[in-house]
Amino acid sequence: MTEPRRVPGFPDYDQALAFHAALVERLPIEDPGPADEQKLRSALNRSQAAAQQGRADVVTIAAFLLFELIRSQAFGRGSTQTGIALALAFLLRNGVSVNASNEEIAGVGVGIARGEIYTGIVEQWLRESVRRIQ
C-alpha cells in the first residue's frame, strides 16, 4: 500500500478548526455555530484527494480546498469567510499569493456558495491571479 502524498501546508482537521475559531474572533461573522465534523473532514479529504492523484499542483489543491470548504458549509454561516481565508493561507504557506481585490475574492466565494461557480472556474481564476512570492 502506498503512503498518501503529503501536501506541504495542507491543513488537517484540528488546524482548520483552530483557524476558523481565530477568524470568528476577528471578523463579524454572525452566529457562526459549531463546525460540522463530518462535513469538514469530508471537505478536507476531497480537497486532499486532488493531491493524491500526483498531477495536482498547489493552485489546483487550493481551488479544491476553497470550493469544498464553502460548498460543504462545514462552518455554517462562516463557511465562505473561512474557506477563502484558509485557501489563501494555504497558498501563502506554499509561496504563492493571490493578486486580486478583496471584492473579487469575495465575489468568487459568494459565487461558490450560491452554486454559480464550480471548481474548474475557481482553478482558472486562481491561475490567472496567483504570483510566486520571491
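Each value in this text was obtained by applying a stated rule to the coordinates, not by laboratory testing. Everything numeric in this text was worked out from a predicted model, so none of it was measured. When we count neighbours, we look across all protein chains shown, and the Cβ atoms used for this are built from the backbone with ideal geometry, even at glycine.
Considering only residues that are assigned to a helix (DSSP H, G or I) and in contact (Cβ under 8 Å) with a residue 24 or more places away in the chain, which ones fall in segment 50-67? I'd like the intermediate steps shown before the answer.
Filtering segment 50-67 down to residues assigned to a helix (DSSP H, G or I) leaves 50-52, 58-67.
Within segment 50-67, 51, 52, 58, 59, 60, 61, 62, 63, 64, 65, 66, 67 qualify.
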Inset, instruction - Give the residues of segment 99-134 that are under 20 Å from residue 78 (Cβ atoms) and within 15 Å of the chain's Cα centre (by Cα), sorted by residue number. - result: 105, 106, 107, 108, 109, 110, 111, 112, 113, 117, 122
Inset, instruction - Considering each residue of segment 96-114, count those that are surrounded by 15 or more Cβ atoms within 10 Å (Cβ to Cβ) and either in contact with an Asp or Glu (Cβ under 8 Å, 6 or more places away or on another chain) or of a type in the set (A, V, I, L, M) (or both), and give that number. - result: 7
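Looking only at residues in segment 15-49 that are part of a helix (DSSP H, G or I) and among the acidic types (Asp, Glu), which one is surrounded by the most Cβ atoms within 10 Å (Cβ to Cβ)? Please lay out each step first, then the result.
Step one: of segment 15-49, the residues part of a helix (DSSP H, G or I) are 15-26, 37-49.
So of that shortlist, the ones also among the acidic types (Asp, Glu) come out as 25, 37.
Values: 25: 8, 37: 11.
Result: 37.
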Inset, instruction - Inspect all residues belonging to segment 79-89 and state whether any of them is more than 17 Å from residue 27 (Cα to Cα), in contact with a Leu (Cβ under 9 Å, 6 or more places away or on another chain) and either in a helix (DSSP H, G or I) or free of Cβ contacts under 8 Å to residues at least 40 places away in the same chain (or both). - result: no
Inset, instruction - Within segment 93-134, track down each residue that is assigned to a helix (DSSP H, G or I) and farther than 13 Å from residue 63 by Cα. - result: 93, 102, 103, 104, 106, 107, 110, 111, 113
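So, in segment 68-78, how many residues would count as being assigned to a helix (DSSP H, G or I) and touching a Lys or Arg at 6+ places or on another chain (Cβ under 9 Å)?
Taking segment 68-78 as the starting set, the residues that turn out to be assigned to a helix (DSSP H, G or I) are 68-72, 76-78.
Going one step further and asking which of them are touching a Lys or Arg at 6+ places or on another chain (Cβ under 9 Å), we end up with 68, 72.
Count: 2.
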Inset, instruction - Go through the residues of segment 126-133 one by one and say whether even a single one is in contact with a His (Cβ under 7 Å, 6 or more places away or on another chain) and surrounded by 14 or more Cβ atoms within 10 Å (Cβ to Cβ). - result: no
Inset, instruction - Answer yes or no as to whether residue 96 is touching a residue at least 40 places away in the same chain (Cβ under 8 Å), over 23 Å from residue 24 (Cβ atoms) and touching a strand residue (DSSP E or B) at 6+ places or on another chain (Cβ under 8 Å). - result: no
Inset, instruction - Report the residue count in segment 54-90 for those that are surrounded by fewer than 24 Cβ atoms within 10 Å (Cβ to Cβ) and farther than 17 Å from residue 22 by Cα. - result: 11
Legend entry - residue 86 vs. criteria under 21 Å from residue 10 (Cα atoms), in contact with a helix residue (DSSP H, G or I) (Cβ under 6 Å, 6 or more places away or on another chain) and among the aliphatic types (A, V, I, L, M): yes
